[in-house]
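Presented below is the structure to which this report refers.
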Amino acid sequence: MQTLLLSDRDVVTLLPMRECIDVMAGALKRVAHGDSILPLRTVIRLPDTTNAFASMPAVLGKGEAAALGAKIITVFPGNDATPFDSHIGVVLLFDAKHGALQAIADASSITAIRTAAVSGLATRLLANADASELALLGAGVLAMTHLDAVRAVRPITRVRVWSRSGTRASEFAERARKKHEIEIVVSESARDAVDGAHVVCTVTSSRTPVLEGRWLSAGTHINAVGASVSTARELDSAAVQQARLFVDRRESTMAEAGDFLIPRSEGLITDHHILGDLGDLLLTTVQGRTSAHQITLFKSLGLAVEDVAALQHIYDKARAAGIGTSMAFGGLREHA
């Protein structure tokens, strides 16, 4: 039995951002319909570090046509200051008819693209249609894909980027100018970056707030992406309290999202502050933005169905195009 191995370059080739946004929309609609099995991720914390090893399984769809798979990754936040990605691992795709291993793909590239694609989807659903100013807080691996994603859905003409590492922000700005040929400004502070922005993406590894609610202008849309554990957050309580909050999945948010859990523990918001999932917005069972002046917030945690749906899409295209390396991993019984 042959398994297709797909490198980071294969993933980038086969998963362009605009396509990925549509794939994520389809997957999150199916989650909202109840057409998935999606347990909370299993995370092992490595002793005396902020590092983790995580398993994220999921089934999307039913019967033999279901997409069945898992992402297995290490999460090392300190890698932001090294040549290594913060998320390293593989995404696995299995055949739902026999359980055969169909594909193994690089998780770093899938994670970076699909995470930004979901933020792009949230921006398409929630940001004002004429949003043209983007603020990026953080200049790591997710910054460029978020710039790609937001530009895919809104007419962004000016970007301000801030990072605690000014050198990294400057390097990012140089690369981004060449890729997008728009104005990219390095800001001295997070507040300067956010001032007047129409869309704000927080893509840092910070465990404490880098974005304060008092900095936000009326009508801003925020994608809060970087924090994914209950004890860490990128937004202060005021930012969350004043926003219309939407999430990728309510159950995950209530278990894992410090951006939500901390202000709730302070008594500033309740569970009802979560107005819905992105899938609910796609099915139009909840309202998103109802006024141009509202502040909207999408809290991203990342779901295994996003990885599995992305790899299913990549796998189908790879087979059609003859891309990837096939390798025998066993699984077929030999008969005498």
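Given a Förster distance of 22 angstrom, what is the FRET efficiency for A100 paired with D35, based on the Cβ-Cβ distance and rounded to 0.05?
Here the calculated transfer efficiency is 0.50.
If I model a spin label at S217 and S170 as a point 7 Å from the Cα along the Cα→Cβ vector, what separation in nanometres do I get?
It works out to 2.7 nm between the two label points.
Treating cross-link reach as a plain straight distance, find the lysines whose alpha-carbon is under 25 Å from the alpha-carbon of K29, omitting any fewer than eight places away in the same chain.
K62, K71, K97, K299, K317
Compute and list, largest first, the equivalent-ellipsoid semi-axes of the range 96-200 from the alpha carbon gyration tensor, each √(5λ) rounded to a whole angstrom.
Working: eigenvalues 167, 59, 25 Å².
For the range 96-200, the ellipsoid semi-axes come out as 29, 17, 11 Å.
Shape of the range 127-299 from its Cα gyration tensor (a ≥ b ≥ c, root eigenvalues): rounded if a/c is under 1.5, otherwise prolate when a/b > b/c, or oblate? Mind showing how you got there, number by number?
Values: a/c = 1.83, a/b = 1.40, b/c = 1.31.
Prolate, since a/c reaches 1.5 and a/b exceeds b/c.
Calculate the spin-label point distance for R191 paired with R319, positioning each point 7 Å from the Cα along the beta-carbon direction, and give it in nanometres.
Taking the two extended label points, one gets 5.6 nm.
I'd like to know which of I269, F53, A292 lies farthest towards the positive end of the charge dipole of the chain, counting +1 on Cβ of Lys and Arg and -1 on Cβ of Asp and Glu.
Farthest towards the positive pole: A292.
Once you've got the GNM for the chain with C-alpha springs shorter than 10 Å, pick whichever of G140, G89, G322 has the biggest mean-square fluctuation.
Taking springs between Cα atoms under 10 Å, the residue moving most is G322.
Evaluate the charge dipole of the range 32-164 about its Cα centre and quote only its size in Debye, nearest 20, assuming +1 on the Cβ of each Lys and Arg and -1 on the Cβ of each Asp and Glu. Please report the intermediate quantities before stating the final value.
On the way: 12 positive and 10 negative charges, 50 e Å.
That gives the range 32-164 a dipole magnitude of about 240 debye.
Looking at P155, M1, V210, which one has the Cα that reaches farthest to the positive end of the dipole of the chain (charges on Cβ: Lys, Arg +1; Asp, Glu -1)?
P155
Compute, for the range 127-299, the length of the dipole vector about the Cα centre, with Cβ point charges of +1 (Lys, Arg) and -1 (Asp, Glu) only. Units Debye, rounded to 20. It would help to have the intermediate numbers written out before the result.
Working: 20 positive and 21 negative charges, 51 e Å.
Around 240 debye, computed over the range 127-299.
Please report the antiparallel percentage of DSSP beta bridges with both residues in the chain, rounded to the nearest 5.
On the way: 33 of 65 bridges.
Restricted to the chain, the bridges split so that about 50 percent are antiparallel.
Please return the longest range in the chain lying between exposed loop sites, taking GluC sites (Glu not before Pro), DSSP loop only, at most 14 other beta-carbon atoms within 10 Å, and leaving the sites out.
Value returned for the longest uninterrupted segment is 1-180.
Using a 7 Å offset from the Cα along the Cα-to-Cβ direction at both A129 and A255, what is the distance between the two label points in nm, to one decimal?
If labels sit at A129 and A255, their model points lie 3.9 nm apart.
So which aspartates and glutamates pass the test for K178, namely a Cα distance under 16 Å, with those fewer than 8 places away in the same chain ruled out?
Straight-distance partners of K178: D148.
So for the range 224-305, what percent of the C-alpha to C-alpha distances run longer than 14 Å? Intermediate results must be reported in sequence, preceding the final value.
Values: 1947 of 3321 pairs.
For the range 224-305, the fraction of Cα-Cα distances above 14 Å is 59 percent.
Rounded, prolate or oblate: which fits the range 96-151 when a ≥ b ≥ c are the square roots of the eigenvalues of the alpha-carbon gyration tensor, with rounded for a/c under 1.5 and prolate only if a/b beats b/c? Display every interim value, and only then the final one.
Details: a/c = 4.93, a/b = 2.00, b/c = 2.46.
Cα axes put the range 96-151 in the oblate bin.
With springs connecting C-alpha atoms under 10 Å apart, model the chain as a Gaussian network and identify which of I113, I274, I37 has the largest mean-square fluctuation.
With Cα springs under 10 Å in the chain, the top fluctuation among I113, I274, I37 is at I37.
Once the other residues with Cβ under 13 Å from the Cβ of A32 are scored (Lys, Arg +1; Asp, Glu -1), what is the net sum? Show your work: numbers first, answer last.
On the way: positive: K29, R30, R249, R250; negative: D35, D248, E251, D277, D280.
That sum, taken over residues with Cβ under 13 Å, equals -1.
Mind telling me which of A122, A135, A255 comes out most flexible in a GNM of the chain, alpha-carbon contacts under 10 Å?
A255
Please work out the Cα center distance from the range 80-113 to the range 292-330, rounded to the nearest Å.
If we compute the Cα centre of each part, the gap is 9 Å.
Put +1 on the Cβ of each Lys and Arg and -1 on the Cβ of each Asp and Glu in the chain; which of F84, I37, A173 then has its Cα farthest toward the positive end of the dipole?
I37
Dipole magnitude of the chain about its Cα centre, charges +1 at Lys/Arg Cβ and -1 at Asp/Glu Cβ only, in debye to the nearest 20? Please report the intermediate quantities before stating the final value.
On the way: 34 positive and 36 negative charges, 53 e Å.
The calculated dipole for the chain is roughly 260 debye.
Any read-out appearing in this document is the output of simple, stated calculations on the displayed coordinates, not a laboratory observation. The shown structure was predicted, so the numbers you read here are calculated from the model rather than taken from an experiment. So basically every Cβ, Gly included, is an ideal-geometry build from the backbone, and we count neighbours across all protein chains shown.
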